[in-house]
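FYI, it's all coordinate maths here, none of it is from the lab. Every value quoted in this text rests on a predicted model; they were computed, and no experiment measured them.
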Amino acid sequence: MNKKKITKLHSQLESIRSELLGDVEKSNQSVKESEIGQIADISDDAARAYSRQLEGELGEQEWKKLKQVDLAIKKISDGEYGICAQCESVIPEARLEVVPYTEFCTQCLSEMEKNSKVISINDENSFEEN
Ligand SMILES: [Zn+2]
């Protein structure tokens, strides 16, 4: 993938990220203001605490998406972006343009969807035992 394309997808990811964080940032305005002096060198612990706080504010789906977006951005800086996390094959650019934060190629994803159906059936069974 060429640099120009990666840059474009990177900015797409950043805008998805700020969209997801938008509402949370607003409701956490007072917290943010008190932390503003420390933001420049935020420690891992502070980042983790902030993450936990976000986890409570975001819906499960949004939180999942945010983590995928973060991971994709990290992969860009590591030079591993666009590689399927499952089979390590190159994810088609057309797919990345639609879902820039995807971790898996289309094939692996459909495999996982099949498997997750099986898992959810099993979950229901074990739930009945309780
Ligand atoms: Zn794959």
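Tabulated data for the structure shown
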{"read-out": "Flagged links, alpha-carbon separation over 18 Å, of Lys8/Lys75; Lys75/Lys117; Lys65/Lys114", "value": "Lys75/Lys117; Lys65/Lys114"}
{"read-out": "Segment 51-122: relative contact order as a whole-number percent, Cα under 8 Å and 6+ apart", "value": "25"}
